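Student: Have a look at the structure that comes next, please.
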Amino acid sequence: NFLGQWKTASIVWLALIVISVASLIFRGMNQGIDFSGGRNYVVQFDKSVNPADIQARLLSELQKEADDKTVSVGVITIDNDTKVRISTNYKIDAEDANIDNEISALLYKNLKPELTGADGKVMDENAFAVADENRGIISIQKVGPSVADDMKRDAVWAVGIAVVCMFLYILVRFHNIAFSVGAVCAVALTAFLIIGFYSICWGFLPFSMEIDQSFIAAVLTIIGYQINDTVVVFDRVREMMKLYPKEDRYETFNK
């Protein structure tokens, strides 16, 4: 009796919505540099490294240096375990021309264990900071706040257009606006609760929960799967309504 549980379900969903809204207001999101602005550093090592260890070490150091818990750090491997991309929004709004040098020095300080070669010697700091194709920092890319704002706007448009197109598709296919409204509400709720879940859990779970372009792509993918499942269910409902036109709709939907 699915429809008979609507009161319980409504209470659960309402509670989750309230918790998510409260978290978004008071905790916000762990925005990646795509949305907050920041810098990307690609670093080449002489040996395999553990990106999780590097991320934890750098996050603690940069948050302490900036005295700001909203500073984010992301570390992922590129190509193999000897090359990583380090992303951070550390002092992205600062106009000081020496910020790049400051960050390079902090990276060097915290990456020293990984910069020790087989001979036991640590890479020189000047050699580490100079772009080189073989070792140390090999590239630096900055994403300014204005570019990040453009990405935020594009992300909102992407999700909004997807939802509107789904609404129109279901309306054309089923000729029933109730189906369109129900599907869009369900999809919007799912997308919102995923965002709320990320807001609630970042900083507590032992992995990065950044909001970036990959996150938006994942949300759109989930929306796609959900709308596909919804259309399949609606197809069966429409089929049964034709087979049993006099049957109580409550029973039809439950079946």
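The values are calculated or read from the model by the stated rules, or taken from the named source; none is laboratory data. Everything quoted here is computed from the prediction, not taken from an experiment. Ideal geometry is used to build each Cβ from the backbone, glycine not excepted, and the neighbour counts take in all protein chains shown. Note: areas computed on protein heavy atoms with side chains; ligands, DNA, RNA excluded. Shrake-Rupley method; radii C 1.70, N 1.55, O 1.52, S 1.80 Å.
Student: Taking region 130-140 only, how many residues are of a type outside the set (Ser, Thr, Tyr) and modelled with pLDDT of 75 or more?
Tutor: 4
Student: Also, quick follow-up: Do any residues in region 169-182 that are under 16 Å from residue 223 (Cβ atoms) have Cβ atoms under 7 Å from those of residues that are open to solvent by 40 Å² or more (accessible area, probe 1.4 Å) and part of a helix (DSSP H, G or I), where the two are at least six apart or on different chains, and which pairs are they?
Tutor: Sorted first by the residue in region 169-182, then by its partner, the pairs are 180/167; 180/171.
Student: Still on this structure, I have one more. Within region 27-129, which helices (runs of 4 or more DSSP H) (wholly inside it) include 1 or more residues that are without any contact (Cβ under 8 Å) to a residue 60 or more places away in the chain and not small (Gly, Ala, Ser)? Before you say what the answer is, go through the steps one by one.
Tutor: Working: elements: 33-36, 51-66, 99-111, 125-129.
The qualifying helices (runs of 4 or more DSSP H) are 51-66, 99-111, 125-129.
Student: In region 82-102, what residues are charged (D, E, K, R), over 18 Å from the mean Cα position of the chain (by Cα) and either modelled with pLDDT of 80 or more or open to solvent by less than 80 Å² (accessible area, probe 1.4 Å) (or both)? Quick ask: steps written out before the conclusion?
Tutor: Just the residues of region 82-102 that are charged (D, E, K, R), to begin with: 83, 85, 91, 93, 95-96, 100, 102.
After this cut, where a residue has to be over 18 Å from the mean Cα position of the chain (by Cα) as well, the list is 83, 91, 93, 95-96, 100, 102.
83, 91, 100, 102 - these are the residues of region 82-102 that are charged (D, E, K, R), over 18 Å from the mean Cα position of the chain (by Cα) and either modelled with pLDDT of 80 or more or open to solvent by less than 80 Å² (accessible area, probe 1.4 Å) (or both).
Student: Among (1) under 21 Å from the mean Cα position of the chain (by Cα); (2) closer than 19 Å to residue 123 by Cα; (3) buried (at least 18 other Cβ atoms within 10 Å of the Cβ), which single condition is residue 71 missing?
Tutor: If we test residue 71 against (1) under 21 Å from the mean Cα position of the chain (by Cα); (2) closer than 19 Å to residue 123 by Cα; (3) buried (at least 18 other Cβ atoms within 10 Å of the Cβ), just (2) comes out false.
Student: Among all residue pairs at least 6 apart or on different chains, which show Cβ distances below 7 Å where the first residue, located in region 224-236, is under 13 Å from residue 188 (Cα atoms) and the second is hydroxyl-bearing (Ser, Thr, Tyr) and assigned to a helix (DSSP H, G or I)?
Tutor: 226/190
Student: Also: State yes or no: is residue 252 in a helix (DSSP H, G or I), farther than 30 Å from residue 72 by Cβ, more than 32 Å from the chain's Cα centre (by Cα) and polar (S, T, N, Q)?
Tutor: On the way: in a helix (DSSP H, G or I): yes; farther than 30 Å from residue 72 by Cβ: yes; more than 32 Å from the chain's Cα centre (by Cα): yes; polar (S, T, N, Q): yes.
Judged against the criteria, residue 252 is a match.
For every residue, the table says whether it meets (1) exposed (fewer than 11 other Cβ atoms within 10 Å of the Cβ); (2) at pLDDT 85 or above; (3) touching a Ser or Thr at 6+ places or on another chain (Cβ under 8 Å).
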{"position": "128", "(1), (2), (3)": "no, no, yes"}
{"position": "151", "(1), (2), (3)": "no, no, no"}
{"position": "155", "(1), (2), (3)": "no, no, no"}
{"position": "196", "(1), (2), (3)": "no, yes, yes"}
{"position": "200", "(1), (2), (3)": "no, yes, yes"}
{"position": "219", "(1), (2), (3)": "no, yes, no"}
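Student: If you don't mind, there's one more thing I want to ask. Kindly indicate which of 170, 177, 227 is more than 18 Å from the chain's Cα centre (by Cα), surrounded by fewer than 12 Cβ atoms within 10 Å (Cβ to Cβ) and aliphatic (A, V, I, L, M).
Tutor: 177
Student: Could you grab me the full set of residues in region 230-247 that are over 14 Å from residue 174 (Cβ atoms) and open to solvent by 90 Å² or more (accessible area, probe 1.4 Å)?
Tutor: Those that are over 14 Å from residue 174 (Cβ atoms) and open to solvent by 90 Å² or more (accessible area, probe 1.4 Å): 243, 244, 246.
Student: Right, something else. I need the full set of residues from region 202-217 which are within 22 Å of residue 153 (Cβ to Cβ) and open to solvent by 60 Å² or more (accessible area, probe 1.4 Å), in order please.
Tutor: Once the filter is applied, which keeps residues that are within 22 Å of residue 153 (Cβ to Cβ) and open to solvent by 60 Å² or more (accessible area, probe 1.4 Å), region 202-217 yields 213, 214.
Student: Could you tell me which numbered condition residue 10 fails, if it satisfies all but one of (1) over 25 Å from residue 213 (Cβ atoms); (2) open to solvent by 70 Å² or more (accessible area, probe 1.4 Å); (3) not in a loop (DSSP other than H, G, I, E, B)?
Tutor: (2)
Student: Does residue 60 satisfy being loosely packed, with under 15 Cβ neighbours inside 10 Å and either closer than 16 Å to residue 110 by Cα or among the charged types (D, E, K, R) (or both)?
Tutor: Yes: the conditions hold for residue 60.
Student: Tell me, which residue of region 195-215 that is in a helix (DSSP H, G or I) and in contact with a helix residue (DSSP H, G or I) (Cβ under 6 Å, 6 or more places away or on another chain) is farthest from residue 52 (Cα to Cα)?
Tutor: Out of the qualifying residues, it is 196.
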